[in-house]
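Report on the following structure.
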Amino acid sequence: MATADEVRSRRRSAEDTLADALTRVEAVDGRVGAFLEVTPDLAFQEARAADARVAAGEDLPLAGVPFAIKDNMWIAGREATCASRILRGFHPPADATAVSRLRRAGAVFVGRANMDEFAMGSSTENSSAQLTRNPHDLERIPGGSSGGSAAAVASGMVPAALGSDTGGSIRQPAACCGVVGFKPTYGRVSRYGLVAFASSLDQIGPLTRSVADAARVYRVVAGPDPLDSTTAGEDPADPESAAGRGVRGMRVGFLVEAEAEGLDDEVARNLGEARRLFESAGARVTPVSVPRAPEAIAIYYVVASAEASSNLARYDSVRYGPRPSCRDLASLYVESRTLGFGPEVKRRILLGTFALAAGYYEAYYGRAMRARAVLSHDFASAFEQVDVIVCPSIPTPAFKIGEKTEDPLTMYLSDIFTVPASLAGLPAITVPSGFSKAGLPLGLQILGPRFGEEPVFAAAGAFEREIALPDETPRGVRT
Ligand code: GLN
């Protein structure tokens, strides 16, 4: 990672690196709106601390790297609101584990990145605070829910960000903004200090401008954590070296069901180009089938909403949130939630509560969980035939702001290609794969078997080298 390597070798200080990042934020974030809050004073303290540690001879893998952190992760000393009114003024008691691991590695936190409220959405339009715009076209959405993280990286404000991905919220915005986004295997990265949306799906991961950078950030945050009993002990090995390894002889399966969906013309052409690139890099390209993949959206919106309705029950205005003056407990709940939650969050709570209600549990939640198990089994069989599975990251390039806000079901379909890996707990990366005719980024997604991060990074690194996209500043943020 160039930024870290410069600071490590003392060619440039972390303090100067941060000053440059803040200058860039100053110049372009008025147009983009990626940050909910920029925290220069704390960031300069962290940068000076990184410089002192480097001077004392510590070898820091992320020395002085300026980061944007999605606003659903705890950074001690800053607020964490999930872009929700109900969490305004909430100051977390500690760092999230992923954040404390970045800190230990020498990272510097520039500020809190905008997101869809409680990570529910695909456009960042569900933020209660502000819109975020796509740096490639300011009239378009950056994707979501980690839209602030993606836009901050794409517009050159920071070289890296953390996002969280429940059904695609790292990969979909990364693809919309033309950056790399990686969701690790479920259990690789601790969820301690990540505000819960759907606990069996949520994973933290990096957004960066290169595959090797994503590998480095992932390696730093991965690993078991006594504070999260769902973290796994499997060795993450060396994903950064894997990214340079190449794909000669590797079995790369193109997902049959993705192409049967009736792909957008430009996305189809882009996928055809990717197939040729993998072939010319020496991979063994074959079709591969995951028969239940098309059911993933239906399964996801039952499971994720059910878990959300249960997780969000804690926002009762007693422990969290503004406390309106009320006559009794019931009206306190009603009034604080009426004021505190936006429409999409309310919709998910209602949907989830319905799906879990005694008379409907078997018909919806029980069935969705069985279908989820069958989908995971489909993937396991597919990975007996291939090393990685490839499909598009997004069904169309970034859409216009406001285009889908009135139609939640169409919005939900934005996740059609990302949700399957989430339900099966698989690692998946999106890598920029070129542009549409209108100059909007497209992304290629690469999925691996559980704990198969290394083949994912190998294929992603090879694809990135083969396509060799020029490193240009997006149109909307040229100064
Ligand atoms: N867009 C999906 C949703 O709204 C995924 C969100 C996420 O991954 N956090 O649920």
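Using modelled amide H (1.01 Å from N, peptide plane; none on Pro or chain starts), what sits under 5 Å from the amide H of residue 137, excluding residues fewer than 5 places away?
476
What does DSSP give for the chain in terms of the percent of beta bridges that are antiparallel, rounded to the nearest 5?
If I count the DSSP bridges inside the chain, around 65 percent turn out antiparallel.
Work out how much length residue 276 to residue 339 would gain on full extension: take 0.36 nm times their residue separation and subtract the Cα-Cα distance, in nm to one decimal.
17.4 nm
If you take the charge dipole of the chain about its Cα centre, with +1 on Lys and Arg Cβ and -1 on Asp and Glu Cβ, which of 380, 180, 308 is farthest toward its positive end?
Of the candidates, 308 comes out farthest on the positive side.
Relative to the present Cα-Cα distance, how much length would full extension add between residue 313 and residue 370 at 0.36 nm per residue of separation? Present the calculation step by step, with values, prior to reporting the outcome.
Values: separation 57, 0.36 × 57 = 20.52 nm, distance 2.50 nm.
Value of the extension gain: 18.0 nm.
List the residues whose amide H sits under 5 Å from the amide H of residue 254, counting only those 5 or more places along or on another chain, with H placed 1.01 Å from N in the peptide plane.
Distant-sequence amide H within range of residue 254: 286, 288, 390.
Working out 0.36 nm times the residue gap between residue 326 and residue 31, then minus their Cα-Cα distance, what length gain in nm do you get to one decimal?
102.2 nm
Give the Cα extents of region 381-439 along the principal axes, in whole Å, largest first.
If we take the Cα atoms of region 381-439, the spans are 42, 27, 14 Å.
Let me test this: with uniform point scatterers at the alpha carbons of region 16-119, what is the Debye-based log₁₀ I(q)/I(0) at q = 0.13, 0.14 1/Å?
Reported log10 I(q)/I(0), two decimals: -0.47, -0.54.
What whole number of Å gives the distance from the Cα centroid of region 399-414 to the Cα centroid of region 295-373?
Here the answer is 21 Å between Cα centres.
How big is region 356-455 on each of its three principal axes, counting only the C-alpha atoms and giving the largest first in Å?
48, 40, 16
Be a star and scan region 132-153 for residues whose amide nitrogen sits under 19 Å from the point 7 Å along the Cα-to-Cβ vector of residue 230.
Backbone N within reach: 145-146.
Could you tell me what % of all Cα pairs in region 177-302 have separations over 23 Å? List each step's numbers first, then the result.
Values: 4030 of 7875 pairs.
In whole percent, the share of Cα-Cα pairs in region 177-302 beyond 23 Å is 51.
Quick one, can you get me the convex hull of the C-alpha atoms of the chain expressed as volume per residue in Å³?
Residue-normalised Cα hull volume stands at 137 Å³.
Under 5 Å between amide hydrogens, which residues at least 5 positions from residue 70 or on another chain qualify, with H placed 1.01 Å from N in the peptide plane?
Those qualifying (amide H under 5 Å, at least 5 residues apart or on another chain) are 113, 162.
Every read-out reported here was derived from the displayed coordinates using simple, explicitly stated rules and does not represent laboratory data. As the structure is a prediction and not an experimental result, all values here were calculated from the model. FYI the Cβ positions are ideal-geometry reconstructions off the backbone, even for glycines, and counts take in every protein chain you see.
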